[in-house]
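Below is one structure, written out as structure tokens; the observations come after it.
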Amino acid sequence: MQPRVAVSACLVGHQVRHDGRMVDTELLIPELNSSVEIIPFCPEVEIGLGTPRPATRLVNRNGNTRLECTSESNRDLTQEMVKFAQLKSDFLISIQVSGIIFKQSSTSCGIDHVVVHQTDGVGKSQLNGQGMFTKIFTTLYPYIPVIDEGKLEKSSQTKNFLSRVKMMQKWWVMYDKGWTPDRVRTFHEENGMLIHHCNPDGFRKLKVLLDDYVEDEYNAETLAFNYITMAQKEMSILPSSIIMEDMTFNSIPQKRDLIAE
């Protein structure tokens, strides 16, 4: 069985963007179709917004980030998106998704560098936001690897993401069997070399986690969740040598369009 990877639907040919345009998926599809089962989703469409529709934007109002339509009414979609994100996140975990590919710069799906508009009259719009769905999902389930299509343009990022996805799928297999301390240690033994290759220091931290485990303090399932959360975090930290090789002029989204796609 291939690992399941949820993907922003606009990246796999679904016409769900606010303007109805198609997204060029030439880079995305060849890299992944043969490796994973793709589960498309679109938060904005799934909360009932049609296509085409007014674009959305993140707005800082009195220190709180809101998701709003750009139409004259400035309809506030925050509560609808928060409720949906919680339910959809739980659903994706229930089907044991092993990774998510998000739409870059999206107000619902962007991982980072999403434009946040200011309404207090002080300062300019900032490229420091995170899509509202993504923020909720990654807060609830930090052990699921995520990436956006921009990073998939870098071969090392793609290989790293797929390695983390495959490790997550192996974790789900063990999860279905039921965790014991010995099974967590077995999982570490089977995946340790991969983790060590990505991040030797992270490998040592995981070994300490297992060595210090005392069964009376918490159960094996908690240990397993602590382990995979730390493992995914440490594996996401690429060696500086690889980062330098992958650096390009366009590695950070440019502030060319203050209304998210």
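A short reminder: the numbers here are calculations on the coordinates, not readings from a lab. What you see is a predicted model; the values in this text were computed from it and never measured. Note that each Cβ is placed from the backbone with ideal geometry, even for glycine, and that neighbours are counted across all protein chains shown.
Data for the structure
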item: Number of the exception - residue 52 against (1) surrounded by fewer than 15 Cβ atoms within 10 Å (Cβ to Cβ); (2) within 25 Å of residue 172 (Cα to Cα); result: (2)
item: Helices (runs of 4 or more DSSP H) contained in region 112-230 and holding at least 3 residues exposed (fewer than 15 other Cβ atoms within 10 Å of the Cβ) and free of Cβ contacts under 8 Å to residues at least 60 places away in the same chain; result: 155-177, 181-198, 200-211
item: Among (1) surrounded by 13 or more Cβ atoms within 10 Å (Cβ to Cβ); (2) touching a strand residue (DSSP E or B) at 6+ places or on another chain (Cβ under 9 Å); (3) among the β-branched types (Val, Ile, Thr) - the single one residue 95 does not satisfy; result: (1)
item: Hey, residue 39 free of Cβ contacts under 8 Å to residues at least 60 places away in the same chain and either touching a Pro at 6+ places or on another chain (Cβ under 7 Å) or not in a loop (DSSP other than H, G, I, E, B) (or both) or not; result: yes
item: Long-range neighbours under 8 Å by Cβ, at least six apart or interchain, first residue in contact (Cβ under 8 Å) with a residue 60 or more places away in the chain within region 66-89, second of a type in the set (A, V, I, L, M, F, W, C) and assigned to a helix (DSSP H, G or I); result: 67/81; 67/132
